[in-house]
Amino acid sequence: MDTFILIGITGIGLGALYFLVASGLSLIYGLMGVLNFAHGSFLTVGAFVGYWVATRLGPETTMTDFILAMIVGGLAAGLFALMIEQLLITRLYDRHIDQALVTVGVSLVVGAVLGGWFGNDLIMFPTPLWFLTAVNVGGAMIPADRIVYIATAVLLLIANWALLKFTRIGLIIRAGVENRNMVNALGINVRRAFSTVFFLGGFAAGVGGVLVSVYSNGVSPLIAGSYLIYGFIVVVIGGMGSVPGSFLAAMLIGVIRQFANYYVTGLGDFVVVILLAGVLLIRPQGLLGKVRA
Amino acid sequence: MLRWKYSRPLLAALLVALALAPMFTSLPLGKPGLQQTLAVAFIWGALALTYDLLFGFTGLLSFGHALYFATGVYVSCILINHEIVSWWLAAIIATVASGVLAALVGAASLRTTGITFAMVTLAFGEAGHVIVGRNFFNLTGGENGIALNADFVPQFWIGVVNTKYIYWTALLALIITYLVIWWVTESSAGRVFAALRDNEQRVQVLGLDTQKFKLLSFVISGTLAGMLGFVMLIAAGSAAPRFAESSVTIALLLMVVIGGAVTRWGAVLGGIFYSFASTRMQDLTQQESFKSIPEWIGGPIAEPALLLGLIFIFIVMFAPGGLSGAYYRLRMKALARKHS
């Protein structure tokens, strides 16, 4: 039972990291139809800025320092995302393939610049000592950092939901995902919603970047790779443009992957791809996705 | 499509020159170093062409093309190393296996379209990379890959003095790929591919099975990539997980966009340029004069991805059609001037 809980919660923790990447991808795709390959660079930018903040704040990183690093890293990634959207994406209005291509270019350039500055080896990320302890959950000893991943993901899910549900811009975003042309026809400027979505997606990815660098024991320009791909898988399984769908799919994939890996090493990735193929065959629009007209 | 009327004699002359050059040891091309670099560049050029068939001609943005290439590399290497079949049969089996895999993956992922298709192919391609890296049954050698056992392939492919044979093999593979793609794209199926790219609904209205034609394009492209995988195995001398990475497909995409899609020679040129530039950039940045550039600029420049990425963004934003597109635009202008 202990191992069962341990693997389950570790899986949910991993799923939380996937969700942080996938939520932005899903909204950006749902609203604008942009396949954002630069999302991995948002994650890396957030991770490096977070690292910079955490090392500046003194030799002993406290919990407050870490939270601050997460927020600043998220903000930096959000602003970077906003810049990319303004400089490149908006100029390729409705040329979806070209938009995807440009984001591929961005991810290459960001990777090259960060790689040139910091090298491609892992650099230790300073974490609070509490992260190294274990928390007793139902008899299982859970590494404390997993709890932080889950809490952050849940917090962002709630914030996301509240924003989409209760604010005007959230209403425009939801309407835009549903039918962008109609929102445009009603005379509402969707452009601001685009920028908001890019900023929010970048923010979540940046926060995710800080957590991913804790999970992978350090920062490097290469940490984003597998998370971006898992992010895409989560978005496809959860349904494009659906944030709750992403959350559900992320948790599902995290847990299934962890359990498969526990029984046979390396089986996890394989099972996830089989799951993806299965979902595509049975429900091509994803778990909570809507059928496109 | 606008054609260059002098292209055929000039192309033939260029090919003869490229084929004969390694014979003269006094020329730069007589040296094994450049021969090896160009052999690899030719393979990338051919691979970019197979990607152009998907992306340029059929309008399918696949991010998993590396899967079929890597299948060719690994299947042929495993068959040869374990002495299961002779090298030429291994090459054929590897090519067919890539085609079969392309048919299976294509059948599942072509249920989606556009951007979703891109994501799904990416996921399948990445699964291939993971499987290769995990070293199941001790077959793929994990992260280190497997070295080709030189005893089981013809001796003219082995050793530095014989680099010119690798060069010729790669050139031959490029020519074969070019001829096949040329034949496919000019055939009636090729017309349907182009029509699918331009207006899928219209093709459907004409009563054609769009899925079948897309799958055909996907399988042809994957099969050719598998064959080139065997040639890469000969040129590189080993099968490594880097051939299965998604960055391979992204590199192919860059090559096609930089060279210009749908012109065939554009993709080949883009591939050769990209491969050549990445290799040479690394040599260039090792030189003494480069050390004088401050670290914060010099570091990023030393990564070939920076310059290639910037060129790529520039072409997508401001010069769609890449090198070959720019060439045709210039010619169009010249023609218009002549006739006005």
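Brief remarks on what is shown
- Long-range tail of P(r) for the range B:141-238 (Cα pairs > 20 Å, %): 54
- Across the range B:206-294, the mean sequence separation of Cα contacts (distance under 8 Å, 6 or more residues apart), normalised by length, yields a relative contact order of 12 percent.
- Gain on full stretching of the segment that runs from B:ASP283 to B:ALA336 - 0.36 nm per residue minus C-alpha separation: 14.7 nm
- When the Cα positions of A:GLY74, A:THR90, A:LEU43 are compared along the charge dipole of the range A:39-102, A:THR90 comes out farthest toward the positive end, with charges on each C-beta of Lys, Arg, Asp and Glu.
- Relative contact order of the range A:96-228: 33 percent, from C-alpha pairs under 8 Å at least 6 residues apart in sequence.
- Between A:PHE118 and A:ILE158, residue separation times 0.36 nm minus the direct Cα-Cα distance comes to 10.9 nm.
- FRET efficiency for the A:MET83 to B:GLN155 pair, using the beta carbon distance and R₀ = 56 Å, is estimated at 0.50.
- Sites count as exposed loop sites when they are trypsin sites (Lys or Arg not before Pro), lie in a DSSP loop, and have at most 16 other Cβ atoms within 10 angstrom; the longest stretch of chain B without one is B:112-340.
- Each of the chymotrypsin sites (Phe, Trp or Tyr not before Pro) that DSSP puts in a loop and that has at most 15 other Cβ atoms within 10 Å breaks chain B; the longest unbroken stretch is B:25-340.
- Centre separation in Å (Cα based) which lies between the range B:235-267 and the range A:1-74: 31
- The range A:214-293: trypsin sites (Lys or Arg not before Pro) in DSSP loop, at most 11 other beta carbons within 10 Å: A:ARG292
- A Stokes-Einstein calculation at 37 °C with viscosity 0.692 mPa s, built on the Kirkwood radius of the range A:2-282 over Cα pairs, returns a diffusion coefficient of 172 µm²/s.
- Figure legend: label point modelled 7 angstrom from the Cα of A:TYR93 along Cα→Cβ; residues of the range B:298-340 with amide N under 18 Å from it are B:317-318.
- Sorted by Cβ neighbour density within 10 Å, fewest at the top, the residues A:ASP269, A:ASP65: A:ASP65, A:ASP269
- Counting Cβ atoms of other protein chains within 10 Å of each residue's Cβ and taking the mean over peptide A:280-286 gives 3.
- Cα pair distances exceeding 36 angstrom across the protein assembly as shown, given as percent: 40
- Mean per-residue shielding of peptide A:230-236 is 4, counting Cβ atoms of other chains within 10 Å of each Cβ.
- Close lysine pairs were tallied over the protein assembly as shown: pairs 8 or more places apart or on different chains with Cα atoms under 30 Å apart number 7.
- Residue exposure sequence - B:VAL85, A:VAL264 - by fewest surrounding Cβ within 10 Å: A:VAL264, B:VAL85
- Computed over chain B, relative contact order equals 29 percent, with contacts defined as Cα pairs under 8 Å that lie 6+ residues apart.
- Label-point separation in nm, A:MET182 to B:GLU186, each point 7 Å along Cα→Cβ: 5.1
- Using a simple spin-label model with pseudo-atoms 7 Å out from Cα toward Cβ, A:ARG283 and B:MET317 lie 4.1 nm apart.
- Computed lengthening from B:LEU206 to B:ILE176, 0.36 nm per intervening residue step minus Cα-Cα distance: 7.5 nm
- Note on B:PHE137 and B:PHE24: the model spin-label points, each 7 Å out from Cα along the C-beta direction, lie 5.1 nm apart.
- Zone residues, the range B:151-170, relative to B:ILE92, backbone N less than 18 Å from point 7 Å out along Cα-to-Cβ: B:153-154
- Shape analysis of the range A:1-106 places it in the oblate category; the axes a ≥ b ≥ c from the Cα gyration tensor give an a/c of at least 1.5, with a/b not above b/c.
- Cα shape, the range B:33-339, gyration tensor, a/c 1.5 rule: oblate
- Taking every DSSP helix (H) stretch of at least 4 residues in chain A, weighting each as -39,500 (n - 2.57) and dividing the sum by the residue count yields a mean residue ellipticity at 222 nm of -24500 deg cm²/dmol.
- Simple rule: put +1 on each Lys or Arg Cβ and -1 on each Asp or Glu Cβ in the protein assembly as shown, find the dipole, and look at A:THR55, B:LEU253, B:GLY229; the Cα lying farthest toward the positive end is B:LEU253.
- For the pair the range B:295-340 and the range A:91-107, the centres of their Cα atoms are 16 angstrom apart.
- A:TYR29, A:TYR93 arranged by Cβ crowding within 10 Å, fewest neighbours leading: A:TYR93, A:TYR29
- Rounded if a/c under 1.5, otherwise prolate or oblate - the range B:1-87, Cα gyration tensor axes: oblate
- Per-residue [θ]222 nm for chain B (sum of -39500 (n - 2.57) over DSSP H runs n ≥ 4, rounded to 500): -23500 deg cm²/dmol
Bear in mind that the values in this text are calculations on the coordinates, not laboratory data. In this text, all values refer to a predicted model and were calculated from it rather than measured experimentally. Reconstructed Cβ throughout: ideal geometry from the backbone, glycine too, with neighbour counts over all protein chains shown.
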